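The structure appears right after this line, and notes come after that.
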Amino acid sequence: MTSNKTKQYQQELEQDQKPSASEASEETEQQTAQAGVCSADEPEQEESEAAEGGEAQEEAKAEAAGEEKPEDEDLKAKYLRLAADFQNFKRRTEKEKSDIYAYANEKFALDLLDVIDNFERALIHQKDCKDEKMKEGMDMIFKQLTGVLAKNKVEEIASLGEEFDPNFHNAVMTDASGEYESGKVSAVLQKGYKLNNKVIRAAMVKVAE
């Protein structure tokens, strides 16, 4: 009897300690709601943190782009100066190279001009020569020489009757000429020549007063 009463008493205590079904369901619902609230708050916090981080990065980039260090400015200035110097050097060397090709024959042309001057003087005096074949031969040789000059871009400077130009003419005297106006070239004492439009020998002239 005593043992049966003891067992009955223990069972009653266990039943009093166990929560009811309704209480258990209420606790479960409360826990579920709290978990839902926490899970809903977490994405919002993550989004706000990501937005703040992105704004901070953009501000840092803007500051880095807007504020250049003095060292960077010096390097940029040096680079621009070097680029400009290189372009000037390149243009200068190209011009020097083209001048070398254009005026490589200048000395040879000047030496040949002395020969042509003497040949022209001989042609002036050939009028007294009675040998027609000799005259014809000298004329042909003279044309050949002037053709060689023209082929190598050597051309005569127009002078007689032209306005005196110190860039092309060397005035050695003046004369009172009734044929030409004042300031015009009245006589050519020695012809002038250009090589590729560069004066290699100015014309020696008389100028009308």
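The values are calculated or read from the model by the stated rules, or taken from the named source; none is laboratory data. Note that the structure is a prediction, hence the values are computed from the model and not measured. Using ideal geometry, Cβ is built from the backbone for each residue, glycine included, and neighbour counts are taken over all protein chains shown.
Given the criteria surrounded by 13 or more Cβ atoms within 10 Å (Cβ to Cβ) and either touching a Leu at 6+ places or on another chain (Cβ under 7 Å) or within 15 Å of Leu195 (Cβ to Cβ) (or both), does Glu162 qualify?
no
Going by the structure shown, is Leu123 touching a helix residue (DSSP H, G or I) at 6+ places or on another chain (Cβ under 7 Å) and at negative phi?
yes
From the list Ala158, Ala176, Ala171, Ala109, pick out the single residue that is at pLDDT 90 or above and touching a strand residue (DSSP E or B) at 6+ places or on another chain (Cβ under 8 Å).
Checking each option against the conditions leaves just Ala171.
Could you list, in sequence order, all residues of the stretch 117-176 that are among the hydroxyl-bearing types (Ser, Thr, Tyr) and under 30 Å from Ala104 (Cβ atoms)?
Taking the stretch 117-176 and keeping what is among the hydroxyl-bearing types (Ser, Thr, Tyr), we get 146, 159, 174.
Within the stretch 117-176, Thr146, Ser159 qualify.
Take the residues in the stretch 165-209 that are surrounded by fewer than 17 Cβ atoms within 10 Å (Cβ to Cβ) and among the β-branched types (Val, Ile, Thr); name whichever of them is nearest to Asp114 (Cα to Cα).
Within the stretch 165-209, the match that is nearest to Asp114 (Cα to Cα) is Val199.
Return the residues of the stretch 131-154 that are within 39 Å of the chain's Cα centre (by Cα), surrounded by 14 or more Cβ atoms within 10 Å (Cβ to Cβ) and either among the acidic types (Asp, Glu) or more than 18 Å from Asp114 (Cβ to Cβ) (or both); say none if nothing qualifies.
Matches in the stretch 131-154: Lys153 only.
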